[in-house]
Structures are given as structure tokens and as C-alpha cells.
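The values are calculated or read from the model by the stated rules, or taken from the named source; none is laboratory data. Being a predicted model, the structure only gives us computed values, none of them experimental. Virtual Cβ from ideal backbone geometry, glycine too; neighbours counted across all protein chains shown. In case anyone asks, the SASA skips ligands and DNA or RNA and just uses the protein heavy atoms, side chains included. Shrake-Rupley method; radii C 1.70, N 1.55, O 1.52, S 1.80 Å.
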Amino acid sequence: MTAATPSNSTPAQPGGQRYTPLELEERWQRQWKADGLDRTEEPAEGQKAFYALSMFPYPSGTLHMGHVRNYVITDVIARVQRMRGDAVLHPMGWDAFGLPAENAAIERGVNPADWTDRNIAQMKAQLDRLGLSIDWEREQATCHTDYYRWTQWLFLELEAGGLAYQKEATVNWDPIDQTVLANEQVDGDGRSWRSGALVEQRKLRQWFLRITDYADALLDDLDQLQGWPERVRTMQANWIGRSRGAEIDFAVVEPGGPTTGERITVFTTRPDTLYGASYVVLAPDHPLVEALTSEAQRDAVTAFRDLMETLSQDERTAEDQPKRGLPLGSHVINPVNGEPLPIWIADYVLADYGTGAVMGVPAHDQRDFLFARRHQLPLRQVVQAPGQEGPDPLGEAWTEAGVLVHSGRFDGLASNDAKAAITAFGEEQGWARSRVQYRLRDWLISRQRYWGCPIPIIHCPSCGAVPVPREQLPVELPRAVELSGRGGSPLAQLESWKAVACPCCGADAQRETDTMDTFMCSSWYFLRFADPRNQEKPFSAEAIARWLPVQHYVGGIEHAILHLLYARFFTKALHDRGLLTIREPFQRLLTQGMVQGVTYRNPSTGRYVPGTQVSDPADPRDPADGSRLEILFEKMSKSKHNGVDPAAVIDRYGADTARMFILFKAPPEKDLEWDDADVEGQFRFLQRLWRLVDQAAGCGVALQAILPLPSELTTVDRDVRRAVHSAIAAIDEDLSGELQFNTAISELMKLANALGGRLEQLSEAVRQEALSALIRLLAPFAPHLAEEFWQRLGGSGSVHREPWPSHDPEALVQDSIELVIQVKGKVRGSLTVPADADRDSLEQLALASDVAQKWLEGQPPRRVIVVPGKLVNLVP
RNA sequence: GGGAGCGUGCCGGAAUUGGUAGACGGACUCGACUCAAAAUCGAGCGCCCUCGGGCAUGUGGGUUCGAGUCCCACCGCUCCCA
């Protein structure tokens with residue numbers, strides 16, 4: 001940071017003041033607040049309602065550039081839509097439950113509620129400096145009782161609908177955060193999304209929501225979400241992971257003898273490979289393992305099961321891992337051919353997935369193949385690859401479709417047809433059923449932590465799990481709790497809080513001491529914003545009908561599955577409970593890219609060097625050893641010393657520059673490389689506008705009255721009007737459909753360039769029209785500066801209440817155009833021609849041109865292609 | 001391995017249905033103003049050139065009067081699922 005302080009570098013102009021963004025922005029922010037400019041107006045008769053929403057933040061206390069980008073994008077959308085005449089709902093709130101508050105409490109002895117409220121105040125103050133048109137009267141914090149009583153109410157609603165239940169299951173345990181996690185909250189490496197710890201498996205009794213009941217709806221309705229990025233829809237579809245297949249029963253037999261009456265049911269997506277099965281595998285913790293283990297194998301099996309309990313799901317199922325397993329010493333019969341098959345247990349089969357049992361078909365499944373090879377199990381090919389003659393060398397499994405062989409009566413069928421045929425045959429005989437299987441698991445919502453929404457359940461020894469009566473909500477989170485971060489749910493230590501009479505029978509009972517996953521709280525906040533002060537219900541049907549679905553939702557791609565899937569599930573479940581008429585919450589979704597900071601890395605040591613220690617950015621050297629540093633752009637983080645503090649940027653250049661820069665530098669979906677030199681450039685543009693408006697004020701522009709255009713326009717007038725109206729048309733286009741703020745701002749720059757130095761030459765009406773349009777087009781992007789301009793040039797009221805400009809097609813009409821002349825597709829010259837010339841005359845003009853003479857050498861062209869308004873292509 | 005997306009000057013990035021590739025900005029160079037600097041203003045800025053032009057949108061093919069855009073193959077990067 002060596003540049004001079006920019007606010008000192010704008011010289012005073014004759015007749016005007018200097019552009020001092022800080023003073024100007026604070027002044028307008030005060031004014032807007034006093035005027036209630038950002039208060040939501042209920043839609044009037046015939047007025048469209050528009051709901052613009054940013055994913056609400058966790059109140060960490062510090063605003064970072066990612067937040068700024070997110071909220072500025074949404075703010076521009078909201079502001080444009082208001083100017084276009086819609087009633088706009090643009091609220092903000094706080095995803096305020098969560099572990100950082102609890103950890104702060106453990107480390108510093110503060111109360112999580114106080115810590116959170118302080119952070120909210122701090123972040124709100126930072127947000128306010130950005131000039132966001134947020135209606136703060138609708139603010140929500142999920143940790144406040146007037147919000148979470150309704151989270152509890154909705155939990156009871158789901159419970160009443162049979163969608164919440166308790167079960168004992170093997171679940172993900174985060175050893176750092178000391179709590180369980182939902183499957184969605186464990187990443188591809190088997191680590192917690194929050195703490196980064198490798199999760200462990202534990203068998204615990206927990207609360208779940210039946211999101212799997214909605215697997216089909218969540219998957220099928222993705223097709224309706226045409227306003228969502230394809231990528232996010234694909235990710236959700238993969239996560240839900242629907243596969244069609246069959247359940248097949250294998251009867252258990254005594255060694256060499258009759259069936260025992262027990263059966264093992266497997267799920268397979270490949271019933272066509274049934275003849276190729278050479279063993280059956282159970283999950284190590286499958287309930288039948290005990291009964292099916294022979295005496296000889298008992299000790300080995302017990303040892304194996306103990307080992308498996310210590311491993312994570314990922315460690316067990318990773319494809320590059322050796323497949324461990326051992327035989328139980330008992331057998332089943334393959335129902336399709338009566339052949340006995342050994343029963344094994346193995347690491348790669350999970351009890352919770354499908355039926356917890358699979359059939360092993362080494363020839364046609366890669367994991368089975370590896371397992372069979374390791375344990376010398378037989379391999380039998382039953383699907384032949386197309387065009388393959390004779391037996392396959394089988395260096396690996398053939399997992400594609402083909403033609404059945406060695407499959408009795410099914411030989412010769414294509415594998416796809418065979419799936420149906422073998423399943424149907426099994427159904428006839430009673431040993432198969434066609435079934436759909438999902439990857440999606442039920443949502444585990446219990447958390448063994450304090451700072452969350454209490455689960456409103458009372459456990460009674462005689463009545464079981466009893467919902468807290470709704471009139472007793474909220475079940476308040478007690479303040480005085482000892483937090484250690486260890487040893488189970490903190491609420492469980494509070495005997496006085498825990499002890500309660502059963503609402504059913506009055507007997508001594510105990511409250512549930514787990515809290516809810518914070519994703520519960522964020523699964524419905526967008527509904528509460530529509531009706532934020534309702535004391536009777538979480539929201540009224542009318543308010544929802546008025547505002548929902550969210551027209552434009554903006555947030556990070558990291559929620560592609562997590563929050564966005566849960567919120568969709570809530571919406572569907574509440575629809576089915578009769579509380580909502582919508583089935584999808586978010587009509588359009590914009591996933592904004594990351595904000596990256598310039599990062600200096602020593603390639604030999606891997607050390608990150610702070611920018612402040614780099615003396616020459618053009619030739620960065622490591623002060624430690626003098627070696628050249630790599631310059632990278634990476635996600636801003638403390639460890640990489642590449643963060644840029646939004647407050648510092650605003651202090652230096654003002655919010656308008658920060659807003660303009662962040663929108664201009666990259667399209668919203670792409671990662672953005674933060675570069676201080678470019679911010680400086682953006683600031684220069686705003687200063688240029690400042691001088692332009694100064695100049696306009698000097699010419700006596702007065703925006704309050706609309707002047708009629710003179711009947712005769714000069715050439716300059718017509719050129720400027722064309723520039724103005726083509727900017728309006730282009731910006732309007734950029735802000736419709738696919739949002740392209742970056743090109744919209746470049747159009748503003750072009751317009752400013754077109755006006756520069758010509759203001760004096762314009763007739764008064766054209767000058768006024770141009771300034772009025774420029775300022776209104778600028779208003780959503782740089783709201784403070786636009787307001788200042790509007791006022792200085794005598795506009796009445798706020799520019800933010802002005803209508804969005806619309807372009808005059810007449811102004812775009814040109815008398816003459818540049819006609820490009822191509823010869824065989826290559827540009828050889830151009831010609832100024834009347835804009836309304838028809839095809840024939842264009843052809844004649846082109847043929848008569850010097851360019852044609854030169855390149856055609858007197859020969860008539862073989863072919864002439866005329867694109868009116870653009871070009872003529874002569875093909876010799 | 002499967003799926004999705006991307007690849008354009010020194011850099012960020014523009015390019016309706018295929019129709020003048022490089023808009024707009026940054027960096028850089030030169031000039032004006034200045035005692036000087038900053039700021040500002042003006043000009044230049046893909047590569048090669050014998051100044052006619054030739055070559056250029058990851059690579060190689062194809063379709064077309066015409067391809068950054070469409071098709072095929074390949075290379076590289078990112079993300080998701082295995």
C-alpha cells in the first residue's frame with residue numbers, strides 16, 4: 001500500500017466540491033434511515049412481489065469479502081427490481097446457533113448468547129457501511145426465543161406427521177467438536193465439514209428426519225429448477241443417488257444339508273449377473289452374523305468385527321483400499337440355480353446401506369473383483385462384452401452392459417433386458433422383488449452440544465418420547481450452564497432443567513438434552529422473513545403466498561447439497577402438512593464465486609509470505625532466504641496471509657468503489673481475484689463521473705422538470721442519444737436473465753466516455769436526458785454517489801425511487817452503417833452505406849467497391865452472401 | 001472410472017441465432033500540462049512482416065460462403081460422485 005490516500009487526490013473542481021466518499025456515504029445512509037427508504041412495501045394491487053435473498057451469515061463477528069460479494073450482488077438485484085416497479089422484500093438475519101459461540105464460551109468464559117449478540121451488533125454495523133437496501137425491521141436471529149420457538153413448533157409439526165423419529169444407529173462422530181454429524185456434513189475424505197476432524201463411527205440413539213420419504217420428490221422436482229445452475233442440480237441428484245434394482249433372497253443351508261429357514265436378503269442393481277454370484281457378503285454388524293458364524297470361525301469373526309468398529313466408513317469403503325473379510329463358515333443357496341455359496345463378512349459392506357448384504361459377482365463388479373482375487377474366490381463370467389469372442393482375459397471386472405452367457409434360460413439376452421427378466425422370474429418364484437434404492441440417508445439432527453435449538457421432547461418412563469405441548473413453547477435454553485466441550489450434552493448436567501412432569505401422565509420425566517442441528521434453523525428462515533412478527537404461527541399462509549418462492553437466492557456453492565437440500569425438504573414436508581402452497585422455496589439460485597487474495601508462496605519451502613513483507617510486488621522475494629516467490633490467487637485465509645479487510649477498503653475508497661469493483665472484476669459465478677491496483681482503477685472511474693457531474697452542474701442541468709426534445713437534433717445530440725439509449729438497452733439486458741454485472745458496469749463506463757467533453761455541445765433536453773439516465777443506471781451499483789448526483793443536479797426525492805430507464809428504439813436508429821466486405825470469408829474492407837439499404841443494393845454497392853475490384857480481379861463472384869446491416873461476403 | 005464445467009492479449013475479462021475476435025478495465029510505452037512529481041488529458045498496446053499482407057481464441061481434424069461459437073478425437077485445469 002504505497003499509493004497516496006485517494007480521498008486527498010481529487011483536486012477541487014471549479015464550482016464543485018471534492019469527492020469524499022466517507023462523508024458522503026455516511027450522510028446518505030443517515031438520510032435513508034431517517035426516511036425509511038428500505039422498508040418493505042407490501043405489493044399494491046397489480047404490483048409484482050419480488051423476494052431477493054442472500055444466504056444469511058453465521059455471526060462470527062467479522063465481515064469478510066465473501067460476505068460483501070454475496071450481499072452486494074443481492075442488493076443490486078433488489079434495487080433494480082424496485083426501480084422496475086416491483087414490491088421488493090430484501091431482508092437479512094443471522095444463522096446464530098453453532099459451535100464457535102460455544103467454543104468462545106469454553107475458551108474465554110463468555111456466555112454464548114452475549115457473545116453472539118455482540119457479534120451480531122458488530123457485523124450489522126459493518127454491513128451498514130456497504131449501503132445495502134436491507135429492511136432491518138424484519139431481522140431474525142435463529143438463537144432468539146421468538147425465532148426458535150417456531151423452529152421447535154415446526155419440529156413438532158414434522159413429528160406429528162411421522163417425519164421425526166428416534167433410532168439407534170451407527171452414526172458419524174466428530175471427535176473434535178464432540179458431537180454427531182449428518183452424512184451431508186462429512187466430506188469426501190471422511191472429515192467433518194466444520195472441524196476437519198476424521199469422523200468416527202458410534203452406535204447411538206438419535207433423532208432423525210425422514211428426508212428419504214422425499215427422495216423421489218427432491219430428485220424429480222430438480223427438473224423444475226431451471227433457474228438453478230446445472231451443476232448444483234447434478235450435485236443434488238448425485239447425492240440423492242437413486243438406483244433401481246432388486247432385492248433377492250438367499251436361503252441359508254446347513255452344511256451339505258437342508259435349508260434352515262433363515263434367509264439373507266441382498267440388494268443389487270445388477271440382477272442380470274445373478275448366475276455369476278460366487279459368494280454373499282454381510283456387513284460385519286449385520287444382525288444375522290452371530291447366528292451364521294460357525295464355531296471354528298467365531299474368534300476370528302469377533303476380532304474382525306471389533307476392528308471394523310474403529311474405522312470410518314470412508315476407510316472401509318475406499319476403492320483403493322485392500323478389501324478385508326473372512327468367511328463365516330456357513331452357506332446360502334443361489335435361488336436361480338440352487339448352487340451353494342459361502343457367506344462372508346467384509347469391510348466394504350455397510351449395515352445401513354440397502355439391506356446390509358450384497359451378492360459377490362467378481363466378474364462384473366470391481367470391488368467384488370478385488371475381493372475375490374485377494375481371497376481366492378471363484379470368478380464366473382455371465383455378461384459378455386459386445387464383439388467379444390470366447391472368454392474374457394478379465395484383467396478387471398466388466399461392469400458395462402453386454403449379452404448374458406452361462407445363465408441358463410437367460411443366455412443371449414441383453415443385460416438390460418435380463419435385469420427385468422430375472423427379477424420377474426424371481427418374483428414369480430417368490431425370491432425377488434424389484435426395488436428402488438437411494439444413497440440419501442435420513443437426516444440425523446441431534447447434536448450433543450449446548451448452543452442450539454433444544455429438541456422439544458420429554459422422555460417419560462411410561463409414555464415414551466412425548467412432544468412438549470405447543471402452548472409451552474419455547475423450551476428455552478437455560479443460560480447458566482457449565483461448558484467444557486467434553487462429556488456429552490451440556491444440558492444433561494442440568495438436573496433442575498431436565499426434570500419435568502410428563503405432559504401425558506404427569507409422572508416424573510426428563511427433557512431431551514440434545515439440541516438440533518443448526519441446519520434445522522436455517523431450513524425455514526426464508527419463510528419467517530415474509531411474516532417476521534407473527535405471534536400465533538411461524539408464518540401465515542397469506543404472507544407466504546404473497547412473497548414466496550424466493551425469486552432470487554444468492555449464496556455460496558458450498559451449500560449446493562447441505563442447506564439447499566434441507567430447505568427444499570422442509571418446504572415439501574410443510575407443504576404436505578398443509579402449511580405451504582409452494583413445493584420449492586427458491587426459484588432462481590445464483591452461486592457466487594470465491595473472493596481470492598494475492599498470495600505469495602515460497603516454492604521450495606512452501607511457506608506463505610505476507611504481502612506486507614514483500615517489498616517489490618513485481619519481483620517478490622522471500623525476506624527469509626531471498627528466493628523468488630510464486631504469485632498465486634487463493635481463497636482468503638489467515639494461514640495464507642492473503643486476506644483483505646472490507647472495512648479497510650471502505651475506509652480508503654468508500655463503499656461505492658468496493659461495490660463497483662467487486663461487481664466489475666469478474667462475472668458473479670466466477671472466482672474473483674482481489675487486486676488493490678484494480679480497486680484504484682475503479683475509484684478513478686467514480687472520480688471521473690464526479691467531474692462529469694460537476695461539468696453538468698456548470699452547464700445548468702436541472703433534473704426536476706422533463707424537457708421536450710427539440711424538433712431538430714444536431715449530429716452530436718443524435719450521437720449522444722444513441723450512446724445513452726444503447727447503454728440503457730445493454731444494461732437492461734445484462735440485468736435480466738443471466739446476470740452480468742461486469743458488462744453492465746463496462747456499459748456505464750462507455751456511456752461516461754461518450755459524454756465526456758461533449759456536454760457543452762448538447763442541447764439542454766438531450767443533456768438532461770443523458771444525465772438523468774446515467775445517474776439512474778448507476779444507482780443500483782453505487783447508491784450513495786448516484787443519490788448525491790441526483791440531488792446536486794436538482795432531482796426531486798431519492799433517485800432510488802425513480803423508475804428504471806427504458807430505451808427509446810428511435811434513438812438507436814442510424815442513417816448509415818459500416819458494411820463489412822468479405823472476400824471468401826475474410827474481411828477485406830468496409831463501406832459506409834445507408835442503414836436502410838436492401839439486399840440488392842448492398843450487393844451492388846459491395847460489387848462496385850474498390851475492395852471488390854482489387855480482390856476479385858475483374859471476375860464476377862461465384863456467390864454473394866448478404867447479411868443486411870452487417871456484411872457482404874463475395875465468394876470468387 | 002463416471003458426470004458437469006472451463007481453456008481467448010502481459011493480466012481480469014467482452015463477443016445475440018455461426019457474421020469485423022480482443023468491448024470495458026488494469027499493467028505498460030510515448031506525448032501534453034508541471035521547475036518536478038502526482039493527478040489529469042491525448043495517443044499506442046495479440047504475433048510476424050519485404051507494409052502487399054500473413055498468422056492468431058489449448059492441440060489435431062471436420063461441417064460451412066464464413067467457426068471462439070457447431071461436430072469428432074486428444075491435451076490440460078476445476079468441481080461433484082465413485
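A:G430 fails exactly one of the following numbered conditions: (1) on the phi < 0 side of the Ramachandran plot; (2) in the same structural domain as A:R409 (by TED's automatic domain parsing). What is the number of that condition? Unmet condition: (1). Within the bounds of the stretch A:70-86, is there any residue that is outside the structural domain of A:I728 (by TED's automatic domain parsing), hydrophobic (A, V, I, L, M, F, W, C) and more than 20 Å from the chain's Cα centre (by Cα)? Checked against the condition, which is being outside the structural domain of A:I728 (by TED's automatic domain parsing), hydrophobic (A, V, I, L, M, F, W, C) and more than 20 Å from the chain's Cα centre (by Cα), the stretch A:70-86 yields at least one hit.
Give the stretch A:227-260 a look and list any residue that's within 17 Å of A:G329 (Cβ to Cβ) and within 12 Å of the chain's Cα centre (by Cα), or say none. Residues satisfying the conditions do not exist here. Number of residues in the stretch A:536-581 that are within 20 Å of A:L158 (Cα to Cα) and either in a helix (DSSP H, G or I) or not charged (D, E, K, R) (or both): the value is 24. Checked against the criteria, A:I176 counts as open to solvent by 30 Å² or more (accessible area, probe 1.4 Å) and either modelled with pLDDT of 95 or more or not in a strand (DSSP E or B) (or both). Within the stretch A:800-809, identify whether any single residue is open to solvent by 40 Å² or more (accessible area, probe 1.4 Å) and either over 30 Å from A:D86 (Cα atoms) or within 15 Å of RNA strand B (Cβ to nearest atom) (or both), and answer yes or no. Yes, there is a match, as at least one residue in the stretch A:800-809 is open to solvent by 40 Å² or more (accessible area, probe 1.4 Å) and either over 30 Å from A:D86 (Cα atoms) or within 15 Å of RNA strand B (Cβ to nearest atom) (or both). Checking each residue in the stretch A:202-211 for being surrounded by 17 or more Cβ atoms within 10 Å (Cβ to Cβ) and not in a loop (DSSP other than H, G, I, E, B) picks out A:Q206, A:W207, A:F208, A:L209, A:I211. The residues of the stretch A:514-546 that are of a type in the set (S, T, Y) and surrounded by fewer than 21 Cβ atoms within 10 Å (Cβ to Cβ) amount to a single one, A:S540. Of the residues making up the stretch A:810-825, those that are within 13 Å of RNA strand B (Cβ to nearest atom) and either within 28 Å of A:A78 (Cα to Cα) or touching a helix residue (DSSP H, G or I) at 6+ places or on another chain (Cβ under 8 Å) (or both) are A:L812, A:Q814, A:L819, A:I821, A:V823. Among the residues of the stretch A:403-426, those that are aliphatic (A, V, I, L, M) and open to solvent by 10 Å² or more (accessible area, probe 1.4 Å) comprise A:V403, A:V405, A:L413, A:A414, A:A420, A:A421, A:A424.
Within the stretch A:647-672, residues that are free of Cβ contacts under 8 Å to residues at least 40 places away in the same chain sit with their Cβ atoms under 6 Å from residues that are within 11 Å of RNA strand B (Cβ to nearest atom), at 6+ positions apart or across chains, in these pairs: A:F661/A:V679; A:F661/A:Q682. If you take the residues in the stretch A:826-876 that are within 13 Å of RNA strand B (Cβ to nearest atom), surrounded by fewer than 14 Cβ atoms within 10 Å (Cβ to Cβ) and of a type in the set (S, T, N, Q), which one is nearest to A:E810 (Cα to Cα)? Among residues in the stretch A:826-876 that are within 13 Å of RNA strand B (Cβ to nearest atom), surrounded by fewer than 14 Cβ atoms within 10 Å (Cβ to Cβ) and of a type in the set (S, T, N, Q), the one nearest to A:E810 (Cα to Cα) is A:T832. Filtered by the rule that a residue be at pLDDT 85 or above and either surrounded by fewer than 18 Cβ atoms within 10 Å (Cβ to Cβ) or within 16 Å of RNA strand B (Cβ to nearest atom) (or both), the stretch A:306-328 gives a lone residue, A:L326.
For the stretch A:650-676, the set of residues classified as more than 10 Å from RNA strand B (Cβ to nearest atom) and of a type in the set (D, E, K, R) consists of A:D651, A:R652, A:D656, A:R659, listed by residue number.
Taking first residues from the stretch A:262-282 that are not assigned by TED's automatic domain parsing to the domain that holds A:G329 and partners that are open to solvent by 10 Å² or more (accessible area, probe 1.4 Å), no Cβ contact under 8 Å between residues at least 6 apart in sequence or on separate chains turns up.
Residues in the stretch A:227-283 that are assigned to a helix (DSSP H, G or I) and either within 15 Å of RNA strand B (Cβ to nearest atom) or open to solvent by 60 Å² or more (accessible area, probe 1.4 Å) (or both): 11 in all. Can A:S484 be described as in a loop (DSSP other than H, G, I, E, B), touching a residue at least 40 places away in the same chain (Cβ under 8 Å) and under 21 Å from A:P175 (Cα atoms)? Taking the combined requirement at face value, the residue satisfies it. The single residue among A:G188, A:G162, A:G131 that is modelled with pLDDT of 85 or more and either open to solvent by 30 Å² or more (accessible area, probe 1.4 Å) or among the aliphatic types (A, V, I, L, M) (or both) turns out to be A:G162. When A:Y148 is tested against (1) over 25 Å from the mean Cα position of the chain (by Cα); (2) of a type outside the set (S, T, N, Q); (3) more than 14 Å from A:G61 (Cβ to Cβ); (4) part of a helix (DSSP H, G or I), just one condition goes unmet, and that condition is (1). Looking only at residues of the stretch A:547-559 that are of a type outside the set (A, V, I, L, M, F, W, C) and within 25 Å of A:Q81 (Cα to Cα), we find that the one that is surrounded by the fewest Cβ atoms within 10 Å (Cβ to Cβ) is A:G556.
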